[in-house]
Amino acid sequence: MNNEQINARLARFRPPHWAQDPVSAGFVRGVALEQNTLVISLALPFVDYDLETGLKALDADLCRLSGAQSVRWQLSHEVATLAPANEAQAVPGVRNIIAVSSGKGGVGKSTTAVNLALALSRLGARVGLLDADVYGPSIPMMLGVSDARPESDDGKTMAPVLAHGIKANSIGFLVGAGDATVWRGPMASKALAQILRETRWGDLDYLVVDLPPGTGDIQITIAQQVPTTGAWW
Ligand SMILES: Nc1ncnc2c1ncn2[C@@H]1O[C@H](COP(=O)(O)OP(=O)(O)O)[C@@H](O)[C@H]1O
Ligand SMILES: [Mg+2]
């Protein structure tokens with residue numbers, strides 16, 4: 001088997017949204033012929049939609065170059081932390097925080113946040129979802145776990161609620177969906193900072209944060225106290 005030719009073929013594979021091909025980017029961790037199967041291991045610093053379809057399209061060329069009868073792709077993820085937008089203290093174990101925000105209510109923020117979280121999880125990432133809409137939490141209902149309660153065995157930290165493979169926490173679990181609307185700014189900000197820092201998220205590749213509408217105290221809290229690596233406005 002000619003590894004150089006195989007590497008050269010892999011180096012010509014570059015999905016349009018990738019900055020580099022997998023060889024230059026150092027994603028290729030192994031190329032080996034095991035009996036009649038060419039086994040290629042890739043470690044990616046991000047999760048990628050429909051990557052396997054793109055890789056499968058290389059199989060015929062790779063079989064021809066290696067003499068193998070089939071190709072087995074072994075994908076693993078080592079999700080990188082992107083540069084945070086501020087100098088807020090990191091949340092231990094959480095690699096990237098993505099805030100979903102909008103000035104208006106009822107435009108689909110929570111729907112986007114839930115779908116983004118589930119899609120990242122489906123692609124193999126470890127995902128959390130924090131409902132920062134302390135005035136009108138909707139994540140417990142949207143995940144179908146309205147009656148769940150985060151458990152605390154030490155009285156200081158809480159275990160998030162597990163739903164559809166993601167870890168979620170929401171003020172709605174703690175106070176009931178209707179009761180949070182009367183909160184004033186500073187109290188709401190404090191509640192959000194607490195729920196972010198006191199949830200035992202464990203190791204997460206992405207924590208998606210669903211924000212309330214507007215540009216009030218919660219947005220200021222997110223901008224100043226939460227080390228976000230991305231935002232959807
Ligand atoms: N892309 C969409 N197309 C149609 N309806 C949507 C879409 N996204 C959300 N909705 C609906 O709009 C309403 C508000 O969505 P929601 O995600 O709760 O908004 P927000 O969090 O911005 O207040 C919900 O009834 C939801 O089902
Ligand atoms: Mg919402």
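The values are calculated or read from the model by the stated rules, or taken from the named source; none is laboratory data. For clarity, every value in this text was computed on a predicted model and none was experimentally measured. Methodologically, a virtual Cβ is constructed for each residue, glycine included, from the backbone with ideal geometry; neighbour enumeration extends over all protein chains shown. Surface accessibility is based on the protein's heavy atoms, side chains included, excluding ligands, DNA and RNA. Shrake-Rupley method; radii C 1.70, N 1.55, O 1.52, S 1.80 Å.
So which of ALA8, ALA43, ALA19 is part of a loop (DSSP other than H, G, I, E, B) and of a type in the set (A, V, I, L, M)? First the steps, then the outcome.
Details: ALA8 fails: part of a loop (DSSP other than H, G, I, E, B); ALA43 fails: part of a loop (DSSP other than H, G, I, E, B).
After ruling out the rest, the residue left standing is ALA19.
Based on what the data block shows, is GLY54 open to solvent by less than 40 Å² (accessible area, probe 1.4 Å) and part of a strand (DSSP E or B)? Lay out the reasoning, then the answer.
On the way: open to solvent by less than 40 Å² (accessible area, probe 1.4 Å): yes; part of a strand (DSSP E or B): no.
The answer is no for GLY54.
Just checking, which of GLY106, GLY136 is within 15 Å of ligand 1 (Cβ to nearest atom), among the small types (Gly, Ala, Ser), assigned to a loop (DSSP other than H, G, I, E, B) and at positive phi? Working first, answer last.
On the way: GLY136 fails: at positive phi.
Selected residue: GLY106, the only one of GLY106, GLY136 that is within 15 Å of ligand 1 (Cβ to nearest atom), among the small types (Gly, Ala, Ser), assigned to a loop (DSSP other than H, G, I, E, B) and at positive phi.
Within segment 132-154, which residues are exposed (fewer than 14 other Cβ atoms within 10 Å of the Cβ) and of a type in the set (Ser, Thr, Tyr)?
SER152
Please go through (1) surrounded by fewer than 18 Cβ atoms within 10 Å (Cβ to Cβ); (2) at pLDDT 85 or above; (3) under 14 Å from the mean Cα position of the chain (by Cα) for ASP205 and return the number of the only condition it doesn't satisfy.
(1)
Just to be sure I understand, how many residues within segment 146-189 are farther than 22 Å from VAL94 by Cβ, at pLDDT below 90 and not β-branched (Val, Ile, Thr)?
Result for segment 146-189: 11.
If you check THR112, THR157, which single one turns out to be away from ligand 1 (no atom under 16 Å from the Cβ), of a type in the set (Ser, Thr, Tyr) and under 16 Å from LEU207 (Cβ atoms)? Before you say what the answer is, go through the steps one by one.
Values: THR112 fails: away from ligand 1 (no atom under 16 Å from the Cβ).
Of THR112, THR157, the one residue that is away from ligand 1 (no atom under 16 Å from the Cβ), of a type in the set (Ser, Thr, Tyr) and under 16 Å from LEU207 (Cβ atoms) is THR157.
So which residues in segment 88-101 are more than 9 Å from ligand 2 (Cβ to nearest atom) and either under 13 Å from THR229 (Cβ atoms) or open to solvent by less than 20 Å² (accessible area, probe 1.4 Å) (or both)? Walk me through how you get there before you give the answer.
Step one: of segment 88-101, the residues more than 9 Å from ligand 2 (Cβ to nearest atom) are 88-99, 101.
Once the filter is applied, which keeps residues that are more than 9 Å from ligand 2 (Cβ to nearest atom) and either under 13 Å from THR229 (Cβ atoms) or open to solvent by less than 20 Å² (accessible area, probe 1.4 Å) (or both), segment 88-101 yields ALA88, ALA90, VAL91, VAL94, ARG95, ASN96, ILE97, ILE98, ALA99, SER101.
Quick check: anything in segment 116-133 within 16 Å of ligand 2 (Cβ to nearest atom), in a loop (DSSP other than H, G, I, E, B) and in contact with a Phe, Trp or Tyr (Cβ under 7 Å, 6 or more places away or on another chain)? Give the steps one after another, and end with the answer.
In the first step, residues of segment 116-133 are kept if they are within 16 Å of ligand 2 (Cβ to nearest atom); the result is 116-118, 129-133.
Next, only the ones that are in a loop (DSSP other than H, G, I, E, B) stay: 132-133.
Remaining after also requiring in contact with a Phe, Trp or Tyr (Cβ under 7 Å, 6 or more places away or on another chain): none.
No: zero hits.
Which residue is farthest from ligand 2 (Cβ to nearest atom), if the candidates are limited to segment 102-115 and must be buried (at least 21 other Cβ atoms within 10 Å of the Cβ) and small (Gly, Ala, Ser)? So that I can check it myself, show each step before the final result.
So the first thing to find is which residues in segment 102-115 are buried (at least 21 other Cβ atoms within 10 Å of the Cβ), and the list is 109-110, 113-114.
Imposing the further condition that a residue be small (Gly, Ala, Ser) reduces the set to 110, 113.
On the way: SER110: 3, ALA113: 8 Å.
Among residues in segment 102-115 that are buried (at least 21 other Cβ atoms within 10 Å of the Cβ) and small (Gly, Ala, Ser), the one farthest from ligand 2 (Cβ to nearest atom) is ALA113.
Here are some residues: LEU82, LEU129, LEU120. Which one is away from ligand 1 (no atom under 16 Å from the Cβ) and open to solvent by less than 50 Å² (accessible area, probe 1.4 Å)?
When all the criteria are applied, what remains is LEU120.
Considering only segment 93-103, state which residues are within 16 Å of the chain's Cα centre (by Cα) and either near ligand 1 (Cβ under 8 Å from one of its atoms) or assigned to a strand (DSSP E or B) (or both).
Within segment 93-103, VAL94, ARG95, ASN96, ILE97, ILE98, ALA99, VAL100 qualify.
Inspect segment 64-83 for any residue being in a loop (DSSP other than H, G, I, E, B), touching a Gly at 6+ places or on another chain (Cβ under 6 Å) and not assigned by TED's automatic domain parsing to the domain that holds ALA99 and give the result as yes or no.
Taking segment 64-83 first, the residues in a loop (DSSP other than H, G, I, E, B) are 67-69, 78-83.
Next, only the ones that are touching a Gly at 6+ places or on another chain (Cβ under 6 Å) stay: none.
For segment 64-83, residues in a loop (DSSP other than H, G, I, E, B), touching a Gly at 6+ places or on another chain (Cβ under 6 Å) and not assigned by TED's automatic domain parsing to the domain that holds ALA99: absent.
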